[in-house]
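Here the structure is laid out as structure tokens; the discussion comes afterwards.
The values are calculated or read from the model by the stated rules, or taken from the named source; none is laboratory data. Keep in mind that this is a model prediction, so the values were computed, not measured. Neighbour counts are summed over all protein chains in view; Cβ atoms, including those assigned to glycine, are modelled from backbone coordinates with ideal geometry.
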Amino acid sequence: MARQILSRATGAICMLLLPAGAALADADLVSYPEGYQENFTHFTTRNRADERKQVVKIFANDVALASAKAGAPLDSGSVIVMEVYRAELDADEQPVMGGDGFFVPAELAAITVMETRTGWGADYPEEWRNDEWEYAAFTADDHALVERDYQPCFACHKPLAEADYLFSFDALKQAAGGS
């Protein structure tokens, strides 16, 4: 908890130190990964039991899987996709649990993407740079890039440097057959 608070505070301070008009992230470098459901590997599902009440399904492309087997960092060209679903809620506004131990997904709320490419992120302040990763979110219906400040994504993932900034790195490595 203290790490999360420190990470968010550091992100907020970095925002204040940036020159006016400085780029906060370059999400438009990330393209919507057409065909990911057929071409990527679904490697984990997670409940978000906090106030968001969501269930997420996470996918990785072949580059991410192949490099995860060897450990962090993942190779340039790695793409991680997360389908974000609102959970079905019961009469008490609590998520309905499915037989598989995950919340029952209701409607798809968004599709988020992490992608790494050589040279990306070089212009970001070290305080919130996540190596060469970029973050983007796309609408569920027409896959349009969501215009927003992506710096909180960097701040949230920043403490995970040893896991190549991925909350799901262990699951990815296991799916890749790594030790």
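Identify the residue in segment 60-78 that is crowded, with 22+ Cβ neighbours inside 10 Å and not in a helix (DSSP H, G or I) and, among all such residues, is farthest from the chain's Cα centre (by Cα). That would be Leu74. Among residues of segment 159-179 that are in contact (Cβ under 8 Å) with a residue 40 or more places away in the chain and farther than 14 Å from Val79 by Cβ, those with a beta-carbon under 8 Å from a residue that is among the acidic types (Asp, Glu) and not in a loop (DSSP other than H, G, I, E, B) at least six positions away or on a different chain give the pairs Ala163/Asp170.
Selection within segment 90-135: residues that are touching a helix residue (DSSP H, G or I) at 6+ places or on another chain (Cβ under 6 Å) and in contact (Cβ under 8 Å) with a residue 40 or more places away in the chain. The member of this set that is farthest from Arg48 (Cα to Cα) is Pro125. Within segment 101-140, being among the polar types (S, T, N, Q) and over 17 Å from Pro73 (Cα atoms) holds for Thr112, Thr139. Is it the case that segment 113-127 has a residue that's at pLDDT 95 or above and either more than 16 Å from Val63 (Cβ to Cβ) or in a helix (DSSP H, G or I) (or both)? Among the residues of segment 113-127, not one is at pLDDT 95 or above and either more than 16 Å from Val63 (Cβ to Cβ) or in a helix (DSSP H, G or I) (or both), which makes the answer no. For segment 31-53, indicate whether the set of residues that are aliphatic (A, V, I, L, M) and surrounded by 20 or more Cβ atoms within 10 Å (Cβ to Cβ) is non-empty. No: segment 31-53 contains no residue that is aliphatic (A, V, I, L, M) and surrounded by 20 or more Cβ atoms within 10 Å (Cβ to Cβ).
For Phe138, the conditions (1) surrounded by 20 or more Cβ atoms within 10 Å (Cβ to Cβ); (2) in contact with a helix residue (DSSP H, G or I) (Cβ under 9 Å, 6 or more places away or on another chain); (3) of a type in the set (A, V, I, L, M, F, W, C) all hold with the exception of (2). For segment 84-92, indicate whether the set of residues that are under 27 Å from Ala66 (Cα atoms), touching an Asp or Glu at 6+ places or on another chain (Cβ under 7 Å) and surrounded by 15 or more Cβ atoms within 10 Å (Cβ to Cβ) is non-empty. No: zero hits.
Does Phe43 satisfy being touching a Leu at 6+ places or on another chain (Cβ under 6 Å) and either modelled with pLDDT of 95 or more or β-branched (Val, Ile, Thr) (or both)? When the stated conditions are applied, Phe43 passes them.
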